[in-house]
Amino acid sequence: MTGQDVALVLLGVVALGGGVLCVTTRQIVHAALWLVVAFGGLAGSYLVLTAEFVAWVQVLIYVGAVVVLLLFGIMLTRAPIGRNDGLDSENRWVALVVAVATAALLVTTVVLGFGGAHKDVKPGGGSADALGSSVFRTWVLPFEVASVLLLAALVGAIVLSRTDIGAKDGD
């Protein structure tokens, strides 16, 4: 194994650990912080794979914007921040079995489908020039659809957080 392989495996373990802790913690703010760890592990993996631009987009968009948006959503909806036993459905073991079965199915499918495949990584494949050219030539329509969807979600969050909308005089 090369140094890059070791770094990729370690970053994968960090991302996996952050993801597992994100979905198993009982405090939603801690879940958001563990999500930052998982996204950071993914960004590091992109750096190892010489996709520097994708790594910075991962940090700026997902770590910076999505987690902040999640925390703002928690604050705006006045969701309970601390431990709340009323939110636990006690289905952890069923969820664990389903998660392990799904993971086993996905790993088996990937190993059987791509087990012998090997691709040499060439520097520059994740550069801003190559990625920008691909996004704005080939993938412009899905890019714009995603931006409209995010805008609609933002407007919906604002409408849901406002208490004075729809209130009448005398209420």
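Spin-label model, THR108/LEU151: points 7 Å from Cα along the beta carbon direction are separated by 4.5 nm.
Comparing ALA99, ALA32, ALA51 in a Gaussian network model of the chain, where Cα atoms under 10 Å apart are tied by springs, the biggest mean-square fluctuation is seen for ALA99. When the solvent-accessible area of the chain is split by element, carbon and sulfur atoms take up 72 percent of it, the probe being 1.4 Å.
Here, the range 1-114 has an Rg and a Dmax of 16.7, 49 Å when only alpha carbons are counted. Label point of LYS119 set 7 angstrom out along Cα-Cβ; within the range 32-74, amide nitrogens under 15 Å from it belong to 46-52, 54. Adding -39500 (n - 2.57) for every DSSP H run of four residues or longer, then dividing by how many residues the chain holds, sets the calculated 222 nm ellipticity at -22000 deg cm²/dmol.
Per residue, the convex hull spanned by the Cα atoms of the range 127-166 measures out at 65 cubic angstrom. Modelled this way, with points 7 Å down the Cα-to-C-beta line, the labels at LEU33 and TRP93 are 3.1 nm from one another. Take the range 127-166 with all the other protein chains still there, run a 1.4 Å probe, and you get 81 Å² of accessible area per residue. For the residues LEU151, LEU105, LEU21, a GNM of the chain with alpha-carbon springs under 10 Å puts the largest fluctuation on LEU105. Comparing THR108, THR25, THR77 in a Gaussian network model of the chain, where Cα atoms under 10 Å apart are tied by springs, the biggest mean-square fluctuation is seen for THR108.
In a fully extended conformation the segment linking ALA128 and THR50 would gain 26.9 nm over its present Cα-Cα distance, using 0.36 nm per residue. If you plug the beta carbon distance of VAL67 and THR2 into 1/(1 + (r/R0)^6) with R0 = 45 Å, you get a FRET efficiency near 0.90.
The values are calculated or read from the model by the stated rules, or taken from the named source; none is laboratory data. Just so it is clear, the model here is predicted, and its values are computed rather than measured. Quick reminder, even Gly has a Cβ in these numbers, built from the backbone with ideal geometry, and neighbours come from all protein chains shown. The area values use the complete protein model at the heavy-atom level, side chains included, leaving out ligands, DNA and RNA. Shrake-Rupley method; radii C 1.70, N 1.55, O 1.52, S 1.80 Å.
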